[in-house]
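Everything below concerns the one structure shown next.
The values are calculated or read from the model by the stated rules, or taken from the named source; none is laboratory data. Since the structure is predicted, the reported quantities are computational estimates derived from the model, not experimental observations. Please note: Cβ atoms are built from the backbone with ideal geometry, for glycine as well, and neighbour counts cover all protein chains shown. SASA here: full protein model, heavy atoms, side chains in, ligands and nucleic acids out. Shrake-Rupley method; radii C 1.70, N 1.55, O 1.52, S 1.80 Å.
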Amino acid sequence: MTEKWALILGASSGMGGATSRALARAGFNIFGVHFDLRTTLPLAKAVQADCDAAGVKTQFFNQNAADDAKRQMALDKMQEALKAEGGHVWVMLHSLAFGSLLPFIHEDPKQAVSRAQMEMTLDVMSSSLVYWTQDLFRRGMLTRGSKIFSMTSAGSHRVIVGYGPVSAAKAALESHTRQLALELAPHGIFVNCIQAGVTDTPALRRIPGNEKIVAEAIAHNPGERLTMPDDVAQTVVSMCDERVAWINGTVIKVDMGEDNV
């Protein structure tokens, strides 16, 4: 499978980091896109080192995945690698977790989400899925059998304090997933959404009151623990098996039934 590449958006930590490692162990070469400052860059380097140790090829890009010009530059380099190998992107995981956690309503306007912050959150966490998929398709980097995964949460349909802009982005992301699945189905390309349970990731720790969210998840999850990034990673690897087909445009819950309680 050395000609098969996986593209992970948000590859340095959380779901993206775990999935990068799991797919590398499964034999996929890894393109990783992440946005890390000097203080967090070691996380990305550790993920890449683990993927290299699995014996696959890797290319990691430290950049804003929602920037149009930078996306094109990264895709140029990825396309060169694919042409050299005669391969395609068989898997893409959209796991970008960067947005505003400000409330909609606050007495101080500076403490409430602004138009720019709302639009940035929607762009990074939902619309960028469409733009990356469009470019991959137009460049011929996808192939029949390619699988695309987005990452949502129960916040797409449940109210969580401090989660308003991200909740809107997750709801839009699920809509984009369904539409892409419909339009790419004739080309044999599958698009699905993974809904993880409450997972201890850097993104979760930024949510106001995350300690309460964690405690409630552990109390209500039938498995009596939080979802782990590797739970998601192993689900993605399983879904990438060529024998798994005919699952398209849906939300796959990886939460031990947590969202049903």
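Annotations for the structure displayed:
- Scanning region 199-249 for residues that are aliphatic (A, V, I, L, M), assigned to a loop (DSSP other than H, G, I, E, B) and modelled with pLDDT of 90 or more turns up Leu226, Met228, Val244, Ala245, Ile247.
- Note on region 1-55: among residues that are of a type in the set (Ser, Thr, Tyr) and modelled with pLDDT under 95, the one that is surrounded by the most Cβ atoms within 10 Å (Cβ to Cβ) is Ser12.
- For region 139-160, the set of residues classified as open to solvent by less than 30 Å² (accessible area, probe 1.4 Å), of a type outside the set (Ser, Thr, Tyr) and either farther than 21 Å from Leu23 by Cβ or part of a helix (DSSP H, G or I) (or both) consists of Ala154, Gly155, listed by residue number.
- Positions within region 208-261 being open to solvent by 80 Å² or more (accessible area, probe 1.4 Å), on the phi > 0 side of the Ramachandran plot and touching a strand residue (DSSP E or B) at 6+ places or on another chain (Cβ under 8 Å), in sequence order: Met256
- Of the residues contained in region 90-113, one or more are found to be of a type outside the set (Val, Ile, Thr), in contact (Cβ under 8 Å) with a residue 40 or more places away in the chain, over 29 Å from Arg206 (Cβ atoms) and touching a strand residue (DSSP E or B) at 6+ places or on another chain (Cβ under 9 Å).
- Test: His176 is modelled with pLDDT of 95 or more and open to solvent by 40 Å² or more (accessible area, probe 1.4 Å): yes
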